[in-house]
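The values are calculated or read from the model by the stated rules, or taken from the named source; none is laboratory data. Here the structure is a predicted model, which means the values were calculated and not measured. Glycine gets a Cβ as well: all are built from the backbone with ideal geometry, and neighbour counts include every protein chain shown.
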Amino acid sequence: MKKGLAVGCLLALLMAPSVMAQGGPRLGAGAYFGLSFPILQDDQKSGTDFGLKARFGLGSIVVLEPYLSFVKWGGPDPVDVVVMDIDGSKVTSFGLEASLGNFPGQMGVAPYFVAGVGSYKVKNEATGYESSKLGFSAGLGLGIGLSPMFSLDFRGKAIVSPQEEGGSKKAIGATGGINFTFGAR
Amino acid sequence: MKKLYAKLGVIGLVLTGLVVAGCLTSGTFVIVKDFSVTFTADGGFYWCPIDMTTDPDWEDHQQDIDDLDALGLEFTIQNTSDVASTFAIRFATSTVPAETATPPTEIPSGAVTVLSGLTVAANSTRNVSYAESLGMIGDIAAIKAVVLTGRFDYFGTSSGGSGDDPFIITKGKVIVTISASS
């Protein structure tokens, strides 16, 4: 499944030239940064979320976004006076998200819905915990097209990352970033 | 187009709601159990019944515990003898309720080694923090099988000490991190 996801992302990247050849500024790239808030995880605190993505506009409203994301949660607060004094887990993920709206090159304010599937690797160096499995995300965003070439992108999404032994790790990500549209004038 | 956006937005909100609702039915919980013990440093052992099942988080999720994410320990250990002594911890499953359990005469053969080779110098005290203990803990797969039963016995053993000088452990804690689905 993970291989299929990687192939899907690769195909999306290979599609880029043909998509661009169809005319119009439909290919872009973006970077984002923000916060990630673990949900119901006593052993983690909020941390940072950084990522890169490519953007392919399909039709008139669907945008496919292969992405690579790096989340670093914070170390836990004391539990029952135990000061754990360890770093939080790192979550590395790659996958494909699809957004409805916020088309590359779109001007003005564009609210949108986004959902995706990705491979999520959760690792904690201190405890030795490690799990890698397919996960899901869904959320809402707001694109602000400043020019045909640049837009701001604010996004909030819920992430569910099932774990190898069962259960899942969940988080809410709140990020802001900038998108660049290739070929736009 | 606006109607399509509205419909997609509603679908999006519903999907997001479902994801968030799923979030509320599972989580990762840290459970801490305290203990304090005193035993001799010349080869004795200490026994302490640990019952995770009485913890509210464990009670809420005991049918749906998926994994032991981490096991840590915290304690202060004092060697009152005149020679260095080495400390070890072993866990063994137990089916006897903690409140009615009586001290065993020997460590069960199926006990798994949690920590070993912790040397405490003569007449000195050593503090082991949670973070430090993570690097000392042994075969986590075997330990998982014991800890996830929820009821196990903690055995502290010592070797190399002299006489009946006590090995004193204070501020002892077993710290268990579990994942549960609902």
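Rundown of residues vs (1) within 19 Å of B:Ile31 (Cα to Cα); (2) of a type in the set (D, E, K, R); (3) crowded, with 17+ Cβ neighbours inside 10 Å, yes/no style:
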{"position": "B:Pro103", "(1), (2), (3)": "no, no, no"}
{"position": "B:Pro108", "(1), (2), (3)": "no, no, no"}
{"position": "B:Asn123", "(1), (2), (3)": "no, no, no"}
{"position": "B:Tyr130", "(1), (2), (3)": "yes, no, yes"}
{"position": "B:Ile143", "(1), (2), (3)": "yes, no, yes"}
{"position": "B:Thr149", "(1), (2), (3)": "yes, no, no"}
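Within the stretch A:25-44, the set of residues being surrounded by 15 or more Cβ atoms within 10 Å (Cβ to Cβ) and away from chain B (no Cβ under 12 Å) comprises A:Pro25, A:Arg26, A:Leu27, A:Gly28, A:Ala29, A:Gly30, A:Tyr32, A:Gly34, A:Leu35, A:Ser36. Entry remark, the stretch A:139-156: residues being buried (at least 23 other Cβ atoms within 10 Å of the Cβ) and either of a type in the set (Val, Ile, Thr) or at the interface with chain B (Cβ under 8 Å from one of its Cβ atoms) (or both) number 1 in total. Kindly establish whether B:Leu134 is in contact with a Gly (Cβ under 9 Å, 6 or more places away or on another chain), modelled with pLDDT of 90 or more, within 26 Å of A:Asp87 (Cα to Cα) and within 14 Å of chain A (Cβ to nearest Cβ). Yes: the conditions hold for B:Leu134.
Scoring B:Val174 on the criteria (1) under 15 Å from B:Phe91 (Cα atoms); (2) surrounded by fewer than 20 Cβ atoms within 10 Å (Cβ to Cβ); (3) within 13 Å of chain A (Cβ to nearest Cβ); (4) touching a residue at least 24 places away in the same chain (Cβ under 8 Å) leaves a single failure, condition (2). Scanning the stretch A:169-183 turns up no residue that is more than 10 Å from chain B (Cβ to nearest Cβ), in contact with a strand residue (DSSP E or B) (Cβ under 6 Å, 6 or more places away or on another chain), surrounded by fewer than 17 Cβ atoms within 10 Å (Cβ to Cβ) and part of a loop (DSSP other than H, G, I, E, B). Among the residues of the stretch A:117-138, the one identified as away from chain B (no Cβ under 11 Å), surrounded by 19 or more Cβ atoms within 10 Å (Cβ to Cβ) and of a type outside the set (Ser, Thr, Tyr) is A:Gly118.
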